[in-house]
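Structure record follows, encoded as C-alpha cells.
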Amino acid sequence: MAQDPGRTGQPRNRQWLWLLILPWIGVVWVPFYNKIEPTLWGFPFFYWYQLLWVLISAVITALVYTKTKALPSRRAGQGGAR
C-alpha cells in the first residue's frame, strides 16, 4: 500500500507559521509607507519599501518552510513494495 506523502513524518513546530503575518502587516499598512522621502537610487520610498518586502517575504517563507516541514519517518525506508 502506498503511503500518503503528507503523513510520512512527524509534524514540526507550527508556531513558526505566525511569522508569515509579518509581510502581510508590512504591506497592508499603506499609510506607513505612502510617502516619497527617503529616496533610494532615485526611487521613492513607496516603491523600494514594497520591493524590500518581496525579498523579506521570500526569506521568511523559506525559513517557515524549513522549520515546519515534516521530519522523515524512521520507518519510511522499511517495508518496501509487495
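If you stretched the chain out fully between GLU37 and LEU20, how much longer would it get, using 0.36 nm times the residue separation minus the C-alpha to C-alpha distance? Write down the numbers at each step before the final one.
Numbers: separation 17, 0.36 × 17 = 6.12 nm, distance 2.76 nm.
Going from the current span to full extension adds 3.4 nm.
Full-extension gain between TRP29 and TYR65, please, as 0.36 nm times their residue separation minus the C-alpha to C-alpha distance. The partial results should precede the final answer.
Values: separation 36, 0.36 × 36 = 12.96 nm, distance 2.50 nm.
In short, 10.5 nm is gained.
I'd like the chymotrypsin sites (Phe, Trp or Tyr not before Pro) in segment 20-72 restricted to DSSP loop residues with at most 11 other Cβ atoms within 10 Å, sorted by number. Display every interim value, and only then the final one.
Values: sites: TRP24, TRP29, PHE32, TYR33, TRP41, PHE45, PHE46, TYR47, TRP48, TYR49, TRP53, TYR65; in loops: TRP29, TRP41.
Counting only loop positions with at most 11 other Cβ atoms within 10 Å, the chymotrypsin sites (Phe, Trp or Tyr not before Pro) in segment 20-72 are TRP29, TRP41.
Calculate one ³J(HN,Hα) per residue across segment 46-60 by plugging θ = phi - 60° into the Karplus curve 6.51 cos²θ - 1.76 cosθ + 1.60, and present them in order as whole Hz with x for glycine and proline.
3, 7, 6, 5, 5, 5, 4, 5, 5, 5, 4, 5, 5, 5, 5
Every number here is computed from the coordinates shown, using simple stated rules; none is lab data. Computed from a predicted structure; not experimentally measured. We place every Cβ from the backbone using ideal geometry, glycine too, and count neighbours over all the protein chains shown.
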